[in-house]
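Before any comments, here is the structure.
The values are calculated or read from the model by the stated rules, or taken from the named source; none is laboratory data. This structure is a prediction, so every number in the text was calculated from the model and none was measured. Ideal geometry is used to build each Cβ from the backbone, glycine not excepted, and the neighbour counts take in all protein chains shown. Calculation scope for accessible area: heavy atoms of the full protein, side chains included, ligands and nucleic acids excluded. Shrake-Rupley method; radii C 1.70, N 1.55, O 1.52, S 1.80 Å.
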Amino acid sequence: MPRYNLFVLPGDGIGPEVMAEVEKIAAWFTREGIVQFEIDKGLVGGAAYDAHKTAISDADMARAQAADAVLLAAVGGPKWDGVPYEVRPEAGLLRLRKDMNLFANLRPAICYPALADASSLKRELVDGLDLMIVRELTGGVYFGEPKQIIDLGNGQRRGIDTQVYDTYEIERIGRIAFELARKRRNKVTSSDKRNVMKSGVLWNEVITALHAREYKDVELEHQLADALGMQLVRRPKQFDVIVTDNLFGDMLSDVAAMLTGSLGMLPSASLGEKNAKGETRKALYEPVHGSAPDIAGKGIANPIAMIGSFGMVLRYSFNLGVLADRIEKAISDVLEKGLRTADIAGGATKILSTSQMGDAILARLQAVV
Ligand code: IPM
Ligand code: MG
């Protein structure tokens, strides 16, 4: 039986509630002798700040680096609004991404047919939607230097962030997008703002050259990031793989998430480079949604994005695509049966709690595995 070490970071808000549902499923896989998961738990975000005044401790960073895969739920909340910028909850997540060199963020947006009516768009626009946003995750304006607020001495201050991309960063994220497209519908849409940004001009040139050199068999188109945002809500099914930078990817993936019915539906994987043998890579998995402090502790959060993220662990870190397919099938079956959490309720009469939804998915999984 395969054996893997999972480092679990439930974080803040609804994080621990949705993570508990993944732990149930992982424990079941272990009990059944399908995959043995050793689960190790740490603190990130506000939870880490409360315990030791940092957004993630060095000890937990080391455990994340050593794990076969890291699973994170969510960070942040109004409770930590006043903490110093360097140790705000989000800093823990950004340090994990940066220190583990997780440059490729895969955010699939799939609209389950049963949920098409929960979308804010008309059913025919989103029914059957299946696109993948490939977001660059360790560069751009998130990490560029200088990043500071300076005092100009005349009663004015200046806030500075720096958008910066090097050729190799654009090439490696481009490769991930083209490779993924080859296994999907063979189309890549690259997005930048080359009409106003030098980094956008370079982005466009590097992707175009990479395509001409190595991926001529894949269809490539370019869309400016603002136009792409518009197209996402106008005709989302035109897209297969979208590749874009850190900031545009952040914004566009929230839009894409909402197309699928709820932010509570979208999983994501953040991947690093393969190791020298080409066998394993560092990876962190997390839902696209945040910590939702307004509903935290009520047991009503939707655990599907978190469970879907666990499915992505199986697919991308452990090469267990068959089991990942079964998790996705279990989710889809449960939705098909009309079972809903509050965020995707629509007209449903019976609304499930977080743990009831987790139980329903597990029960379906037990039936199909
Ligand atoms: C995301 C989030 C993060 C980001 C925040 C929590 C720092 O919005 O993963 O999309 O901006 O990357
Ligand atoms: Mg975001």
How many angstrom lie between the C-alpha centres of segment 63-141 and segment 12-41? 19 Å
Please work out how much length the chain gains when fully extended from Ala66 to Phe143, using 0.36 nm per residue of separation minus the C-alpha to C-alpha distance, in nm with one decimal. 25.3 nm
Step through the residues of segment 159-174 one at a time and calculate ³J(HN,Hα) from phi using the Karplus curve (6.51 cos²θ - 1.76 cosθ + 1.60, θ = phi - 60°), rounding each to whole Hz and writing x for Gly and Pro. x, 10, 10, 10, 8, 9, 9, 9, 3, 4, 5, 6, 5, 5, 6, x
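Explain nothing, just the number: relative contact order of the chain, from Cα pairs under 8 Å at least 6 residues apart, as a whole percent. Display every interim value, and only then the final one.
Details: 774 pairs, mean separation 74.2, N = 369.
Relative contact order of the chain: 20 percent.
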Express the carbon and sulfur contribution to the solvent-accessible surface of the chain as a percent, rounded to the nearest whole number, probe 1.4 angstrom. 52 percent
In order through segment 264-281: 3J(HN,Hα) via Karplus (6.51 cos²θ - 1.76 cosθ + 1.60), integer Hz, x for Gly, Pro: x, 9, 9, x, 8, 10, 10, 10, x, 5, 5, 5, 4, 7, x, 9, 10, 9
Suppose R0 equals 30 Å; then what is the FRET efficiency for Glu273 and Asn186 from their Cβ-Cβ distance, rounded to the nearest 0.05? 0.80
Per DSSP H run of n ≥ 4, the term is -39500 (n - 2.57); total these for the chain, divide by its residue number, and report the mean residue ellipticity at 222 nm rounded to 500 deg cm²/dmol. -12000 deg cm²/dmol
extent check for segment 313-369: Cα max minus min per principal axis, descending, whole Å, gives 38, 21, 18
Please get the size of the charge dipole for segment 1-97, origin at its Cα centre, with Cβ charges of +1 on Lys and Arg and -1 on Asp and Glu, quoted in debye to the nearest 20. 100 debye
Solvent-accessible area per residue, Å², over segment 130-259 with all protein chains present [probe radius 1.4 Å]: 47 Å²
So if R0 is 25 Å, what FRET efficiency would Asp58 and Ile160 give, r being the distance between their Cβ atoms, rounded to the nearest 0.05? 0.30
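Show me the ranking of peptides 361-367, 283-289 by mean Cβ neighbours inside 10 Å, starting with the highest.
Going from most to least packed, we get 283-289, 361-367.
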DSSP-defined beta bridges in segment 130-259 - what % are antiparallel, rounded to 5: 20 percent
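Note down the relative contact order for segment 162-267 as a percent, whole number, built from C-alpha pairs under 8 angstrom at least six residues apart. Could you put the intermediate results ahead of the total?
Working: 122 pairs, mean separation 33.5, N = 106.
32 percent.
Convex hull over the alpha-carbon atoms of segment 82-176: what's its volume per residue in Å³? Present the calculation step by step, with values, prior to reporting the outcome.
Details: hull volume 18.4 nm³, N = 95.
Looking at segment 82-176, the number lands at 194 Å³ per residue.
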Check Met132: other-chain or 5+ apart residues with amide H under 5 Å from its amide H, H built from backbone geometry? Ala109, Val241, Ile242
What lysines could a cross-link reach from Lys24, if we take a straight Cα to Cα line under 26 Å and drop same-chain neighbours fewer than 8 places away? Lys41, Lys282, Lys298, Lys329, Lys337, Lys350
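In the neighborhood of Ser268, defined by Cβ-to-Cβ distances under 14 Å, what is the net charge if each Lys or Arg adds +1 and each Asp or Glu adds -1? All intermediate terms of the calculation are to be shown ahead of the outcome.
Details: positive: Arg97, Arg107, Arg135, Arg315; negative: Glu136, Asp250, Asp254, Glu286.
Taking every other residue near Ser268 into account, the sum is 0.
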Segment 130-259: Rg to Rh, with Rh as the Kirkwood radius over Cα pairs: 1.04
Just to be sure I follow the rule: in segment 130-259, considering lysines 8 or more places apart or on different chains, how many pairs have Cα atoms under 26 Å apart? 11
List the trypsin sites (Lys or Arg not before Pro) within segment 70-156 that fall in a DSSP loop (any state other than H, G, I, E or B) and whose Cβ has at most 12 other Cβ atoms within 10 Å. Lys122, Lys147
Percent antiparallel among DSSP beta bridges confined to the chain, rounded to 5, stands at 40 percent
From Cα coordinates alone, what are the radius of gyration and Dmax values for segment 19-71 in angstrom? 13.3, 40
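Which value, in Å to one decimal place, does the Kirkwood hydrodynamic radius take for segment 268-352 when every pair of different Cα atoms is included? Mind dumping the intermediate values first?
Values: mean 1/r = 0.0682 Å⁻¹.
That comes to 14.7 Å for segment 268-352.
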If you stretched the chain out fully between Glu86 and Asp226, how much longer would it get, using 0.36 nm times the residue separation minus the C-alpha to C-alpha distance? 47.3 nm
Convex hull projection area averaged over all views, the chain, Cα basis, nm²: 19.6 nm²
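So if I place +1 on the C-beta of Lys and Arg and -1 on the C-beta of Asp and Glu, and nothing else carries charge, what would the dipole magnitude of segment 130-259 be about its Cα centre? I want it in debye, nearest 20.
Details: 19 positive and 20 negative charges, 70 e Å.
Using only the charged Cβ atoms, the result is roughly 340 debye.
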